[in-house]
Amino acid sequence: MVHRAFSLAGLLFLVLVPLSAHPHVWVDVRAEVTVAGGYIEGVWTVWTFDDVFSQLILADNDPGGTGKIDAQQNSSIKKGYFDNLKAYGYFSHFALGAHTLEVPTPQKFQASVTTDGRVAYRFFLPLGVRLDAKTAFAVSFYDDSFFTDMVFEKKSPVLLTVTDGGKASVALRPDKSKTFYGGQVTPTYAFIAWSPS
């Protein structure tokens with residue numbers, strides 16, 4: 001995969017210039033979901049950025065190259081590289097059956113640096129969703145302006161934990177009804193089904 005440097009400021013500027021649209025930032029995504037007795041409190045989300053964009057973030061916030069992010073740096077990254085994504089729903093998409101869910105304000109934001117030097121965000125999206133045997137919960141992460149290309153990571157795209165009884169399963173599949181970018185891109189959703197027995 002070829003990665004090109006691009007600042008978040010430039011990314012947001014290009015939102016206003018559709019003719020220039022194509023990915024400039026690449027993100028691997030993992031969702032962590034616990035179903036407790038048919039109830040989903042929320043979704044822990046992990047974004048891991050491409051090498052070049054990671055270096056942009058670190059150049060601004062870890063100029064000493066320590067590879068560690070302290071509380072002050074974490075606050076700076078959140079303010080400068082994350083909070084302004086509110087206008088785009090934090091690139092998060094949730095549905096319960098046919099009903100689209102509102103994207104909540106993220107909590108417990110933490111930036112870190114992976115062992116291979118990439119910047120990762122981990123944050124919690126509180127939802128409070130009650131499942132039943134007939135209705136699946138769907139989750140995806142994508143930027144429908146396609147300036148940021150987000151894909152579920154291959155190794156562990158969704159970590160699903162079931163507690164307090166019942167059975168749950170997860171299936172990843174494209175949702176053609178959500179196709180965007182002139183019909184060229186179809187996002188993948190994780191569909192989580194639960195039954196009490």
How large is the helix-only mean residue ellipticity at 222 nm for the chain, computed as the sum of -39500 (n - 2.57) over DSSP H runs with n ≥ 4, divided by its residue count, in deg cm²/dmol to the nearest 500? -4500 deg cm²/dmol
How much net charge surrounds Ser112 when only the other residues with a Cβ under 13 Å from the Cβ of Ser112 are counted, with Lys and Arg +1 and Asp and Glu -1? +2
Shape descriptor, region 8-195: equivalent ellipsoid semi-axes (Cα gyration tensor, sqrt 5λ, whole Å, largest first) stand at 29, 21, 14
Per-residue Cβ neighbour rank within 10 angstrom, fewest leading, Ser140, Ser195: Ser195, Ser140
Pick from Ala87, Ala136, Ala59: which residue has the top mean-square fluctuation in a GNM of the chain where Cα pairs under 10 Å get a spring? Ala87
Where does each of Tyr181, Tyr189 land when they are ranked from fewest to most other beta-carbon atoms within 10 angstrom? Tyr181, Tyr189
Report the number of Lys pairs in region 54-197 whose alpha-carbons are under 18 Å apart, with separation of 8 or more residues or on distinct chains. 8
Calculate the spin-label point distance for Thr179 paired with Lys79, positioning each point 7 Å from the Cα along the beta-carbon direction, and give it in nanometres. 4.4
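Where a number appears in this text, it was derived from the coordinates with a stated rule and is not lab data. Remember, predicted model here, so these are calculated numbers, not experimental data. Because the Cβ atoms are built from the backbone with ideal geometry, glycine has one as well, and the counts that use them run over all protein chains shown.
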